[in-house]
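Asks: Pasting a structure below so you can have a look.
The values are calculated or read from the model by the stated rules, or taken from the named source; none is laboratory data. Note that the structure is predicted; figures quoted are calculated from it, not measured. Because the Cβ atoms are built from the backbone with ideal geometry, glycine has one as well, and the counts that use them run over all protein chains shown. These area figures cover heavy atoms from the full protein model, side chains too; ligands, DNA and RNA do not enter into them. Shrake-Rupley method; radii C 1.70, N 1.55, O 1.52, S 1.80 Å.
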Amino acid sequence: MIKQFVALSGLPRTGSTLLSAILSQNPEIHSEGNSAVCQFMWDMQQSVVNSEQLKATNKDILDALVKPIPHIYYSDVTKPIVVDKCRSWTLAANVEILNRYFNNPPKVIVLVRPMVEIVASFLALRKANGWSDMEMILEDGSEPIMRSLAGVEWARKNNNGEFLFVTYDELVDNTQVSLDRIYNHCGWEPFVHDLNNIINHHKENDAVYGLIGQHDVRPQISRRTVSIDLPDELIKECNRLDEWSLYGSLC
């Protein structure tokens, strides 16, 4: 049975897979790849709210149908703490789900990184996988960047203590500092992690995303060299988006 449910969210290409692999070293913590829990809870909530049959019969079963979803999803997990990874947890409607359906006050770890680095990383990954379509990566409302950025922007402006922002630089360059902050935020007992032997025990099938290597984790923490030139206009747009989401104040 899940005793604490912690959300892992934020922007893509910010080290969430690395962080999940590190946290999973703790025998009290289960942290895997991208989760469908948030989507399932949202979908069920909308189905109930919009059901003509339920409206007609006045059945009040919303909580009874939505609340068990994370426990069903993680029914094979015996660890008491679940860190659920989904970039949508920072969106306002999903924060309401965290507040409504979980007994503990919500704790959300939000990973961020300068937009120009995220875009360069994604475009290099796409190029390595033979993608020819490099356009519209920053189109309004698009996945995987812009919708996530909207969530980060909302979380930054509406943070009542549930959101902990961790930058990519901090996670990679000062990993222990990041872990200390995360443990303190979530109220966890200290644990000594092995940062020289990091293993991802919950590998995703990146072929599903068409991006082989997207969730690779190396045994030791290091930066990947990204060699790709971004157009000046794209760099300007990245900088504008950083200012819009108040990224600078998160560092």
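Asks: Could you please tell me the mean projected area of the C-alpha convex hull for the chain, averaged over all directions and given in square nanometres to one decimal?
Replies: 14.6 nm²
Asks: Under the rule of at least 5 residues apart or a separate chain, name every residue whose amide H is placed under 5 Å from the amide H of SER142.
Replies: Here ARG147 satisfy the definition.
Asks: Using only protein heavy atoms and a 1.4 Å probe, report how much of GLU28 is accessible, in Å² to the nearest 10.
Replies: Answer for GLU28: close to 90 Å² accessible.
Asks: What figure, in Å² to the nearest 10, do you get for the accessible area of THR57 with a 1.4 Å probe and non-protein molecules left out?
Replies: 80 Å²
Asks: Would you work out what percent of the accessible area of the range 128-204, with all protein chains in place, is carbon or sulfur (probe 1.4 Å)?
Replies: Solvent-exposed carbon and sulfur of the range 128-204 make up 46 percent of the total.
Asks: What does the charge count near VAL82 come to, summing +1 for each Lys or Arg and -1 for each Asp or Glu among other residues with Cβ under 13 Å from its Cβ?
Replies: Once all neighbours under 13 Å are counted, the net charge is 0.
Asks: Once both labels are modelled 7 Å past Cα along the beta-carbon direction, what's the LEU65-ASP232 spacing in nm?
Replies: Once both label points are built, they end up 5.6 nm from each other.
Asks: What aspartates and glutamates sit close enough to LYS203 to cross-link, taking a C-alpha to C-alpha distance under 15 Å and skipping anything fewer than 8 places away on the same chain?
Replies: GLU32, ASP84, ASP216
Asks: Another question, then. For the range 36-130, please report how many Lys pairs fall under 24 Å Cα to Cα, leaving out neighbours fewer than 8 apart on the same chain.
Replies: Count of close lysine pairs: 7.
Asks: Here is a follow-up. Any chance you could look up the accessible area of VAL192 with a 1.4 Å probe, heavy atoms only, rounded to 10 Å²?
Replies: For VAL192, the solvent-accessible surface is approximately 130 Å².
Asks: A further question follows. Could you provide, to the nearest whole Å², the per residue accessible area of the chain with probe 1.4 Å?
Replies: For the chain, the solvent-accessible area averages 52 Å² per residue.
Asks: Could you rank LYS203, LYS55, LYS85, LYS67 by how accessible they are, 1.4 Å probe, largest area first?
Replies: The ordering from most to least exposed comes out as LYS203, LYS55, LYS67, LYS85.
Asks: Let me ask something else. Taking only the alpha-carbon positions of the range 1-135 and ignoring solvent, what does the Debye formula give for the base-10 log of I(q)/I(0) at q = 0.11 Å⁻¹?
Replies: -0.50
Asks: If you don't mind, another one. Would you mind computing, in nm to one decimal, how far apart the modelled labels at GLU243 and ALA124 are, each placed 7 Å from Cα along Cα→Cβ?
Replies: Distance between label points: 2.7 nm.
Asks: Right, something else. Out of residues 5 or more away from LYS85 or on other chains, whose amide H comes under 5 Å of its own, with H placed 1.01 Å from N in the peptide plane?
Replies: HN-HN under 5 Å from LYS85: LEU8, GLU32, SER35.
Asks: Moving on to the next point. Stretched out fully, how many nm does the piece from SER132 to LYS203 gain, at 0.36 nm a residue minus the Cα gap?
Replies: Contour length minus Cα-Cα distance gives 22.9 nm.
Asks: Considering only C-alpha atoms, what is the centroid distance from the range 22-67 to the range 114-150, in Å?
Replies: Each part reduced to its Cα centre gives a spacing of 29 Å.
Asks: What length, rounded to one decimal in nm, is gained on full extension from GLU139 through to VAL192, with 0.36 nm per residue of separation minus their alpha-carbon distance?
Replies: Extra length from GLU139 to VAL192 when fully extended: 14.9 nm.
Asks: Taking K and R as +1 and D and E as -1, what net charge do the other residues with C-beta under 13 Å from the C-beta of PHE102 add up to?
Replies: 0
Asks: So who's got an amide H within less than 5 Å of the one on THR167, skipping anything under 5 residues away but keeping other chains? H placed 1.01 Å off N, in plane.
Replies: Excluding prolines and chain starts, which carry no amide H, the hits are VAL112.
Asks: Calculate, in nm to one decimal, what LYS3 and ARG218 gain on full extension: separation in residues at 0.36 nm each, minus their alpha carbon distance.
Replies: Full-extension gain reported as 74.4 nm.
Asks: Aspartates and glutamates within cross-link reach of LYS157: Cα-Cα under 17 Å, excluding same-chain residues under 8 positions apart?
Replies: GLU96, ASP242, GLU243
Asks: Further question on the same structure: Relative to the longest principal axis of the chain, what angle (0 to 90°, nearest 10) does the C-alpha long axis of helix 146-157 take?
Replies: Rounded to the nearest ten degrees, it is 70.
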